[in-house]
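Please treat every number below as a calculation from the coordinates, not as lab data. From a predicted model like this one, the values you see are computed outputs, not experimental measurements. A quick note on method: Cβ atoms are made from the backbone with ideal geometry, for glycine too, and the neighbour counts reach across all protein chains shown.
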Amino acid sequence: MTSIQSSDQGQAPLQKLRAYLHTTQLLGSIQSALYYDQNTAMPAAGSEWRGEQLALLAQQLHGRQSSGAYADLLAAAEAQWEGAPGPMGRNLQLLRQEFERQHRLDAALVGHIAQAQAQGYARWQEAKAKGDFSVFAPSLQVLVGLRQEQASQLAEPRSCWETLAQPFEPDISKARLDVLFAPLRQELPALIERARSAASRQPSTAWDLPESSQLKLCQELLNGWGFDPNRCQTARSPHPFSCTLGPADFRITTRVVAGQPLSALLATAHEWGHSLYEQGLPRSGDHYFPWPLGDATSMGVHESQSLFWECRVGRSQAFAQGLEPSIAAAWSLANPGGGANPGSPSPWRNSQGFWRCLNPLEPGMIRVEADEISYCLHIVLRYELELALLDGDLPVAELPGHWNQRMAELLDLRPSHDSEGCLQDVHWSEGLFGYFPSYALGHLISAQLGEAMERDLGGAGSIEARVAKGDGASLKQWLAEHVYPLGRQVNGEELVKQVSGQDLRAEPFLAYLRAKLERLVAP
Ligand SMILES: [Zn+2]
């Protein structure tokens, strides 16, 4: 039997499984709604009760995903499907894979990891505040040991690090990442040097816009990019994020940073890219909601979608030219006498200067503030150190020394304390290993999909040409046709190959950077 549209009796196992998954999805989305509220609206005193609410839901979700009742439902559906190919076969294969992963883990280990994460996060915050890695080191040692134990219980035919990376980037391997990252290691330092040589042309960054103007600009950007208030709402949070609360309920957040007038706008562009992808995933009909095929392909593909709208569109010269009059009007309103530059129309001088404001080219210590050129070297650094910690023999105590040494080699920068070195990211405080490469893959995937898009839309430069005409809709339409519908039918690399006709590689990203850099540093 290969159709879910067959006889009533034949439908029973799949329908029962579907109903079970539907309830699991409802619980998961209640968890997301609580998380969204916690980060956007909840008063501080609510945190203790919220913690209990989230813990209760987490327990219930874990129970549902590993219960005997679920195992029976899945087995009955598999028996009905009898290994036939097609979307439902793929759904069942993915559900089986996830069930086995949950099932192989000892419940005691799951509890120990949750405890170590809570403790690790608290120790990391303390260590970061003091700039002292030794405060966090014992917790990190415990987390490394527990994650190694987790990988050994999962017993996949992969290294420890590769096993831990699978949930973020299905089928990824160290050998593949080494091939993809080698050209970045080789070529990015020279591009950074080229950018440094033109540093004197960077316009003043000592200007700002009122919060209200920034939020208004964010909403204008969203309105121009197809925002539908019936399906999406926005809010502010300490760290911008996007989340899906239901098949027709999407949220994004942004934040206003003092002294960084374009930060909220770029964060909005980034999170809107994530949200557009979520909104475009196949989430209707019996095949897709709540089946796994309606989920994102991988974290790398997800990030490629946010980076496309943030960098390829939002930081493009065409977009800068269109945006400048609105920014100039907001700036003049806030600085009626010309502010610090009386008589000057704006702190960025001219349109090329404003484009440079959207693309500061200054390698720094902090990954989340890095420019497009240096960003991937921050990821290479973390990837190498994670491998050494989990698959190699790097003792935890030696992490800061190795971090600082590789930072000097890759970016020619030397952290003055651990807070701007190996303590800067939250990921390791929760033992989250294997995630970082997805950020770099997002840049590579975005560039290669961008090339394929330009091939279809009129050749090199056609993305900027459409942006110049205010035609973001055709870019979105292309993504909605080629990228969004695939969901988990494929992995990240298969998606790129299917859409672009070629294996994923670093060259399209490097070519994009080289061309953009030359235009940015031009007098
Ligand atoms: Zn993102």
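Things worth noting here:
- Selected from PHE319, ALA151, SER47, residue furthest toward positive end of dipole (the chain; charges at beta carbon): PHE319
- Other residues with beta-carbon under 14 Å from the beta-carbon of VAL490 carry, at +1 per Lys or Arg and -1 per Asp or Glu, a net charge of -3.
- Inter-probe distance in nm under a simple model that places probes 7 Å from Cα toward Cβ, at GLN15 and ALA334: 5.9 nm
- Tilt relative to the chain, helix 8-40 - C-alpha long axis, 0 to 90 degrees, to 10: 40 degrees
- Think of the chain as a dipole: +1 on every Lys or Arg Cβ, -1 on every Asp or Glu Cβ, centred on the Cα centre; then among ALA296, ALA165, TRP81, ALA296 lies furthest on the positive end.
- Whole-Hz ³J(HN,Hα) from phi, Karplus 6.51 cos²θ - 1.76 cosθ + 1.60, for the range 293-304, glycine and proline x: 4, x, 8, 4, 4, 6, 5, x, 5, 4, 5, 4
- Backbone HN-Hα couplings from phi across the range 375-382 [Karplus 6.51/-1.76/1.60, Hz, Gly and Pro as x]: 3, 5, 6, 4, 6, 4, 4, 5
- Against the main long axis of the alpha-carbon atoms of the chain, helix 174-197 sits at an angle near 10°.
- Options GLN141, LEU217, GLN233, ranked by Cα towards positive dipole end of the range 131-252, top entry (Cβ charges): LEU217
- Evaluating 6.51 cos²θ - 1.76 cosθ + 1.60 at θ = phi - 60° for every residue in the range 235-252, the Karplus couplings come out as 7, 10, 8, x, 10, x, 8, 10, 8, 10, 9, x, x, 9, 9, 10, 10, 9 Hz, glycine and proline recorded as x.
- Cα centroid of the range 344-418 to Cα centroid of the range 428-455, whole Å: 16 Å
- Burial order of peptide ranges 421-433, 234-246 (average beta-carbon count within 10 Å, highest first): 421-433, 234-246
- Annotation for the range 28-72 versus the range 156-234: alpha-carbon center distance of 29 Å.
- Charge tally for CYS232 (other residues, Cβ to Cβ under 11 Å; Lys, Arg +1; Asp, Glu -1): -2.
- Computed from point charges on the beta carbon alone (+1 for Lys and Arg, -1 for Asp and Glu), the dipole magnitude for the chain about its Cα centre is near 920 Debye.
- Angle of helix 317-334 to the longest C-alpha principal axis of the chain, folded into 0 to 90 degrees and rounded to 10: 70°.
- Candidate cross-link partners of LYS469 among the lysines, defined by an alpha-carbon separation under 21 Å and a same-chain spacing of 8 or more, comprise LYS516.
- The chain, helix-only ellipticity at 222 nm - DSSP H runs n ≥ 4, -39,500 (n - 2.57), divided by all residues, nearest 500: -20500 deg cm²/dmol
- Percent antiparallel among DSSP beta bridges (both partners in the chain, rounded to 5): 50 percent
- Candidate lysines - alpha carbon under 23 Å from LYS174, same-chain residues fewer than 8 apart omitted: LYS497
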